[in-house]
Amino acid sequence: MRAEKIHLDGNAAGGVLRDVFAHEMTAALATCGGCGAVGPVGALLEYGQPMGIVLRCPTCDTAVLRIVRTPSLLRLDLSGLRLLTIPA
Amino acid sequence: MAIPDATAGRLEWRVATVVDVRDETPRARTLVLDVPQWPGHRPGQHVDVRLVAEDGYQAQRSYSIASPPEDRGVALTVERLDDGEVSPYLVGELRRGDGLEIRGPIGGYFVWDVALGGPLLLVAGGSGIVPLMAMLRRHARADASARAAVPVRLLYSARTPADVIYAAELERLADPPAVEVVLTFTREAPVTWTGYRRRIDRAMLEAVIWPPSAEPHAYVCGPTVFVESVASLLVELGHAASRVRTERFGATG
Amino acid sequence: MAQQPFIARGFRARSARMVDAPRLPPGQYETNDFPVLSAGPTPRTPLSKWDFTIRDADGRSARWSWDDFQALPRDTPVVDIHCVTKWSKFGTKWEGVSVDTLLAAAASHGVGAGAFVVAFCDGGYTTNLPMSDVTGGKAWVAFGYDGAALPPEHGGPARLLVPHLYFWKSAKWVRGLQLVPTDSPGFWEQLGYHNRGDPWREQRYHGDP
């Protein structure tokens, strides 16, 4: 019996996030636009691979970050993100 | 010469050379890579590996770095998944002298270094031991006073004794009470085994780990279901969620 | 000039690449697996709470409970399916109610027409389709797969099934169709995937002809 494909977490998106933001992002703190919970990007739940990356709030499942890369563009939907704090 | 900021800027794909290959268990193998212009790494970080076939087909996976920053060469320990696409290649086909395209080091959350202090609690499920081993090896290489300041407890859940990666080295590094290594077998234990023979549960954690008042830094790594079960038990036991860091491994190989 | 990629010695894709080539849309390979891809956690709607709604732009709607749905005439389509991530699976067996049946019933309840539909789902997933791609025997709301109830990770209790388009259009955990006058990009389409998604024309991304 195949195990159900489960989500991973923001660590798995680390390489793509580094590409997008030109900065290590897994330690950045994300404030969820849905419920206000604050936590490291590495602790967000990762879905959507390999079509794209959907990082969801572990408290309320709101899609906080969505990334799709097509041959012609990279699109980032941050509508579920209220605040991002990147440590110096 | 300015030291490049390890956390800023894009990462380049680099072609590393496999300099050593070491079988750890029947299904797991360590690859030691010589990576050109490797900037160094922190325990817990990983690399992305990209394989391109002659017909252009591409596959990409992430693998945790097993070696401490002190080692020459970047070691990855890969466990072969039978119906995997990349892991059978890395564990079965790749050999010394081959090139391997990697990008890294990646990660800023699931990392530990001596400066963070302790106590240090490591909980591994299956191949989740790999990044935790980098932390344990870093600890072992630190100077005596740094080691003394950070007691370590590793709780490692494996199916059978044949599945325990780094078994001999773990035995060597164990140095109770400063460094405690506790194994639990979930499918089959040695006949003479007097230790744990079950999945990690609340009672086992309570017996093995420090109380919340010790404020350990906890790192939990393994399959998603394992990580979420252990992490929520730790929080249930009173450990601050912010001190429990998690890294989930996927089943795609 | 683009850098030549580094070719990994001896690496090949796991799946055979040239099976039944005319049956494979361009850029696809056949798989015997049924990979699971989800944009979010698997919802667990109990059948007692499940319903399916077709709603028009004016708010008129027709609604079926699970029992209502099970009483409708059903088909057992056997179809090839094609994922935009390049795998194709031949001869998949489904059981479900044709979208034509649902639209006809909705129309008889006064629900108006629309040139486009948006499928909406538990968990918030949406996908958009031209009406012509869900009518004429091309689409179903499927609750059975391979002779058994559709498992939750594959979209159960019910999913949209539109096999002639890339499989992200076959929305999992579907709860209804919103009929709209203009095309309205859904979850993946807003992020850059194609509004229609015809695998035979390789319409993977926005801008593909």
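In table form, for the structure just shown:
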| read-out | value |
| --- | --- |
| Spatially proximal lysines relative to C:LYS138 (Cα-Cα < 20 Å; intrachain offsets below 8 disregarded) | C:LYS89, C:LYS93, C:LYS169, C:LYS172 |
| Cβ-based net charge around C:LYS89, under 10 Å, with every Lys or Arg adding one and every Asp or Glu removing one | -3 |
| Max mean-square fluctuation residue, GNM over chain C, Cα-Cα springs under 10 Å, options C:PRO22, C:PRO157, C:PRO199 | C:PRO22 |
| Acute angle (nearest 10 degrees) that the helix B:224-236 long axis makes with the longest principal axis of chain B, alpha-carbon atoms | 30 degrees |
| Candidates B:ALA142, B:ALA115, B:ALA75, ranked by Gaussian network fluctuation over chain B, Cα under 10 Å, top entry | B:ALA115 |
| Relative contact order computed over chain C (Cα-Cα under 8 Å; 6+ residues apart), in percent | 22 percent |
| For the range B:114-249, share of DSSP beta bridges that run antiparallel, in % to the nearest 5 | 5 percent |
| Neighbour-limited loop hits for trypsin sites (Lys or Arg not before Pro), the range C:44-137 (at most 12 other Cβ within 10 Å; DSSP other than H, G, I, E, B) | C:ARG44, C:LYS49 |
| Tensor-based shape of the range B:143-219 (alpha-carbon gyration tensor, a/c under 1.5 rounded, otherwise prolate or oblate) | oblate |
| Restricting the range B:45-97 to trypsin sites (Lys or Arg not before Pro) in coil, as DSSP defines it, with at most 14 other Cβ within 10 Å | B:ARG72, B:ARG95, B:ARG96 |
| Principal-axis tilt of helix C:99-108 within chain C, Cα atoms, nearest 10 degrees | 20 degrees |
| Degrees separating the helix B:129-141 axis from the principal Cα axis of chain B, which is the longest one | 80 degrees |
| Charge context of B:LEU122, other residues only, Cβ under 11 angstrom, K/R +1, D/E -1 | +1 |
| Scaled radius of gyration (Cα, divided by 2.2 N^0.38 Å) that chain B gives | 1.00 |
| Of B:GLU79, B:GLU70, B:GLU236, the one that fluctuates the most in a GNM where chain B has Cα springs shorter than 10 Å | B:GLU236 |
| Bins of 20 Å from zero: percent of alpha-carbon pairs in the protein assembly as shown | 20, 50, 26, 3, 0 |
| Within-10-Å neighbourhood charge of B:TYR63 [Cβ basis; K, R +1; D, E -1] | -1 |
| Inter-centroid distance (Cα atoms) of the range B:159-185 relative to the range B:88-114, Å | 23 Å |
| Ellipticity estimate at 222 nm from DSSP helix runs (n ≥ 4, -39,500 (n - 2.57)) divided over chain B, nearest 500 | -5000 deg cm²/dmol |
| Shape call, the range A:8-85: gyration tensor on alpha carbons, a/c limit 1.5 | prolate |
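Quick note: the coordinates plus some simple rules give every number you see, no bench work behind them. Here the structure is a predicted model, which means the values were calculated and not measured. Note that each Cβ is placed from the backbone with ideal geometry, even for glycine, and that neighbours are counted across all protein chains shown.
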